[in-house]
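Step one of this worksheet: look at the structure below.
The values are calculated or read from the model by the stated rules, or taken from the named source; none is laboratory data. Note that the structure is a prediction, hence the values are computed from the model and not measured. Note: ideal-geometry Cβ built from the backbone for every residue, glycine included; neighbour counts use all protein chains shown.
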Amino acid sequence: MPNPRTLLTGFALLFGGYYVALDELHQLWGDTPPPQIAADFNAFALLFVLALAIERLVQPFAPILGPNSDDAKNELRTARSAGNDAGVAEAKAKLAEARSRTAIVTWGFATGLACLLAAGANITLLRAIIDPQGTQIAFWLDLLVTGLVVGAGTKPINDLWTRLQNKPADPA
């Protein structure tokens, strides 16, 4: 179970961004018409681009958004080289805890930022996929869903990017 302060921080970042987006940006921009998506693309392509931009923006700040996992990695390396099984298990637990706490806070930050960008660009997921002639979803709910979807999408993009960066080069 993550530290309660970590959970509180993650949710505070999420709802802080959501509140500012809903209260300030939406009132500033009003009900301007959403941008038209080119015929070659769909709403999910737009959300993918938004998630990718947020992931690249959040990535440099990840080390300060949670506990430093480098110390736990060094402990794990040291315990493995010493053949200390108990030390390896303890270091693995510390590393998992550090990564978990960072992931929660990063998720909150990315989701709050997604709410801000979605409101600023007047792009929301449900409005993009619902028939404009039909019943519309309340903006506050649409913005929250959009922020959650885009914020959650930054994690898989980060994982893919990390794997691509760490892939060994093919010998020529």
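Being of a type outside the set (A, V, I, L, M, F, W, C) and under 18 Å from residue 58 (Cα atoms) is the filter here, so list the residues in segment 121-159 that pass it. Give the derivation first.
Going through segment 121-159, the residues of a type outside the set (A, V, I, L, M, F, W, C) turn out to be 122, 124, 127, 131-136, 142, 146-147, 151, 153-156, 158-159.
The answer is 146, 147, 151, 153, 154, 155, 156, 158, 159.
For segment 44-56, filtered to residues that are surrounded by fewer than 17 Cβ atoms within 10 Å (Cβ to Cβ) and small (Gly, Ala, Ser), the residue that is modelled with the lowest pLDDT is 45.
Of all residues in segment 60-84, count the ones that are at pLDDT below 85 and more than 18 Å from residue 9 (Cβ to Cβ).
Looking only at segment 60-84, we keep the residues that are at pLDDT below 85, and these are 60-72.
Those left that are additionally more than 18 Å from residue 9 (Cβ to Cβ): 60, 70-72.
Result for segment 60-84: 4.
Of the residues making up segment 79-131, those that are under 25 Å from residue 23 (Cβ atoms) and over 24 Å from the mean Cα position of the chain (by Cα) number 1. The requirement of being under 18 Å from residue 14 (Cα atoms), assigned to a helix (DSSP H, G or I) and either within 18 Å of the chain's Cα centre (by Cα) or touching a residue at least 24 places away in the same chain (Cβ under 8 Å) (or both) is satisfied by residue 148. Scanning segment 1-40 for residues that are of a type in the set (A, V, I, L, M, F, W, C), more than 15 Å from the chain's Cα centre (by Cα) and either at pLDDT 80 or above or outside any loop (DSSP other than H, G, I, E, B) (or both) returns 8, 20, 21, 22, 25, 28, 29.
For segment 84-114, give me each residue that is closer than 14 Å to residue 3 by Cα and of a type in the set (Val, Ile, Thr). Listed by number, the residues that qualify are 102, 104, 105. Taking the numbered list (1) more than 19 Å from residue 152 (Cα to Cα); (2) modelled with pLDDT under 90; (3) surrounded by fewer than 17 Cβ atoms within 10 Å (Cβ to Cβ) in turn, residue 122 passes all entries but (3). Only one of the numbered conditions (1) in a helix (DSSP H, G or I); (2) closer than 24 Å to residue 23 by Cβ; (3) in contact with a helix residue (DSSP H, G or I) (Cβ under 7 Å, 6 or more places away or on another chain) is violated by residue 141, and that is (3).
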